[in-house]
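Let me begin by presenting the structure, written as structure tokens, before commenting on it.
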Amino acid sequence: MENNQNTEVEYTLAGNMGNTIGQLSLQIANLQVTIRHQNDEITNYKAQNAELKHQLEKLRGRDAQHDKRSISITGQQDKH
């Protein structure tokens, strides 16, 4: 009888461990999906940041050209 009870306890423990492993596997999978989504967001933000930096550099270039023209025009006006 005692051997039969030990077997039942072993099956119960094995079942509980299996359930626990299954739950942990599901949690890991959910975390992996979350990480993947966050990495995708980071990639998108980096792309947006690069585009904004590019636009800013273009604007700074235009400002520098505008400043040079202003200085040139002012210099020409001073000569007249």
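The values are calculated or read from the model by the stated rules, or taken from the named source; none is laboratory data. This one's a predicted model, so the numbers in the text were calculated from it and none came from an experiment. Positions of Cβ are generated from backbone atoms using ideal geometry, with glycine treated the same way; all protein chains shown enter the neighbour counts.
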With the first residue restricted to the stretch 33-44 and required to be in contact (Cβ under 8 Å) with a residue 12 or more places away in the chain, and the second required to be surrounded by 10 or more Cβ atoms within 10 Å (Cβ to Cβ), Cβ contacts under 9 Å at 6 or more apart or on different chains are none
Checking Ile42, Ile71 in turn, the sole residue that is among the aliphatic types (A, V, I, L, M) and either at pLDDT 95 or above or not in a helix (DSSP H, G or I) (or both) turns out to be Ile42
